[in-house]
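**Student:** The structure follows.
The values are calculated or read from the model by the stated rules, or taken from the named source; none is laboratory data. Note that this is a predicted model, so its numbers are computed, not measured. All Cβ positions, even for glycine, are placed from backbone atoms using ideal geometry, and neighbour counts span all protein chains on display. Remember, those area values only see protein heavy atoms, side chains included, never the ligands or the DNA or RNA. Shrake-Rupley method; radii C 1.70, N 1.55, O 1.52, S 1.80 Å.
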Amino acid sequence: MKKTPKPLIVGNWKLTPNTLNEAKERYLGIVKVYKKFKSVIDAVVCPPATFISSLKKKDVAIGTQNVSFWTTGSKTGEISASMVKSCGATYSIVGHSERRAMGETDEVVAEKVAEVVKCGMIAVVCVGEAERDEEGNYLEIIKSQIKKSLGRVSKQEVHKVIVAYEPVWAIGRTDNVAITSHDLHQMAIFIRKYLKEVFGIAGDLIRIIYGGSVTAENAFDLYLNGGVSGFLPGRSSWEAETFKGVFSATAEAVKELKKRSRQVTKVKPPRRK
């Protein structure tokens, strides 16, 4: 039987904290609370790039929030994928909605994904609609983002890609008015189906995670019933205790899924007459 991968939780620290000492303290705090869950969950934190090389890499992997598609040369202020990898990063968020809001196109995202994959890191590629319409036009937006953003990824490289569904309209909302697990499950099915259209059976190797107001309060239901393989939380990953809440809720959902699986296995098929 094929082993199911552990849930992946990628914390996006965004433009925090303000100092290296705070970053070290925060990271070590997260590592400490994560120890209880590392047999069940894979965890990553993505601090500002300036802190990556100074964090002593432990059980929680390190990622970067963005990379340049440039590799070298006269590109003032740019940071390449190979640079952050040399500092210890093994993941990179690409195409986050906040980057797209600054003008980053699907074509630019595709170039960045190609660089991340080429360097041997895992690309966490964000896609998501700004709003939903009753006609379902937002589904075409998602398809277009996936097709273009992953346009330079081959079938042999899909295992280095994770799709993070990140609906812009859900970001910053309280957990009780963000996406429901039912809606998330429907979207996960839609994305999975389209990935298989694009990459064939290799599309099944691409994990789908969710970002958009993920908290300790909604993580259990979203993982249990949402059909995703993990989360991309923002604010709830900034402090050890709030991140611990997401870990704990996800771990409980994993336990419940295993319980359901055992119950299904115990049900004997009807005897043939």
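**Student:** Efficiency by 1/(1 + (r/R0)^6): what FRET value for residue 171 and residue 143, r their Cβ-Cβ distance, R0 = 25 Å, to the nearest 0.05? Don't skip to the end; give the middle numbers.
**Tutor:** Values: r = 21 Å, r/R0 = 0.83.
With R0 = 25 Å, the Cβ-Cβ based efficiency is 0.75.
**Student:** Sticking with this structure for a sec: Can you give me the % of accessible surface on the chain that is carbon or sulfur? Probe 1.4 Å, all protein chains present, nothing else counted. Please list the in-between numbers first.
**Tutor:** Values: 7600 of 14520 Å².
Percent of accessible area from carbon and sulfur atoms in the chain: 52.
**Student:** Take the alpha carbon atoms of the range 31-103, find their center, do the same for the range 175-215, and report the distance between the two centers in whole angstrom.
**Tutor:** The range 31-103 and the range 175-215 have Cα centres separated by 22 Å.
**Student:** Okay, moving on. If you stretched the chain out fully between residue 132 and residue 25, how much longer would it get, using 0.36 nm times the residue separation minus the C-alpha to C-alpha distance? Before the final figure, lay out the partial values.
**Tutor:** Details: separation 107, 0.36 × 107 = 38.52 nm, distance 3.97 nm.
That works out to 34.6 nm of additional length.
**Student:** Oh, and also: Using only helices, what value at 222 nm comes out for the chain when you add -39,500 (n - 2.57) per DSSP H run of length 4 or more and divide by the total residues, to the nearest 500 deg cm²/dmol?
**Tutor:** Numbers: 8 runs with 105 residues, N = 273.
Here the helix-only value at 222 nm equals -12000 deg cm²/dmol.
**Student:** Charges only on Cβ, +1 for Lys and Arg, -1 for Asp and Glu: so what's the dipole of the chain about the Cα centre, in debye to the nearest 20?
**Tutor:** Numbers: 43 positive and 29 negative charges, 413 e Å.
Its charge dipole is roughly 1980 debye.
**Student:** Can you give the translational diffusion coefficient of the chain in µm²/s, computed by Stokes-Einstein from the Kirkwood radius over Cα pairs at 20 °C and 1.002 mPa s? Each step should come with its number before you reach the end.
**Tutor:** Working: Rh = 19.2 Å.
In µm²/s, the coefficient is 112.
**Student:** Step by step: find N for the range 125-273, compute 2.2 N^0.38 Å, then divide the Cα radius of gyration by it. What's the final number? Walk me through the numbers before you get to the answer.
**Tutor:** Working: Rg = 17.1 Å, N = 149, 2.2 N^0.38 = 14.7 Å.
Normalised Rg, Cα atoms only: 1.16.
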